[in-house]
Amino acid sequence: MKNFKILFPAFLIILNIVFSSCGKGYEVRFTNYNTEAIDSLIIGSNAVVFTQIDRQTTTDYKDITSGDKAIKCVTKTKKIYSSSISIPKRGTGKRTIQIDGLNRISILED
């Protein structure tokens, strides 16, 4: 009985440490400040896809896996802009991909 009283709290502490150290991952969203609407934004090889983003609009967050990913942005007039994003393997966080009126793509940490 004494072993159970010692082992059970120790097991709970170890279980708590294991689950609290697991990262929740990263999320990404897109903000369009460009002069025209965006037809599609593709991150990686279709890992995350945003479509039909009007001007002055921000999308909801979507989960993204870790690694280096290419960003391809296609406007309604079929202009293509590209960039890349690096998502760490460990940790958590939110990223915003933003395209501005000068057609620059920025990656912002939230």
- prompt: So who's got an amide H within less than 5 Å of the one on Phe30, skipping anything under 5 residues away but keeping other chains? H placed 1.01 Å off N, in plane.
  reply: Thr59, Ile97
- prompt: Can you run phi through the Karplus equation (6.51, -1.76, 1.60; θ = phi - 60°) for the range 68-80 and list ³J(HN,Hα) in whole Hz, with x for Gly and Pro?
  reply: 8, 10, 7, 10, 10, 10, 10, 7, 4, 8, 6, 6, 10
message: With a 1.4 Å probe and all protein chains kept in place, how much accessible area does Asp63 have, in Å² rounded to the nearest 10?
response: 110
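The values are calculated or read from the model by the stated rules, or taken from the named source; none is laboratory data. Keep in mind the model is a prediction, meaning the values are calculated, not measured. Ligands, DNA and RNA are excluded from the accessible area calculation, which covers all protein heavy atoms including side chains. Shrake-Rupley method; radii C 1.70, N 1.55, O 1.52, S 1.80 Å.
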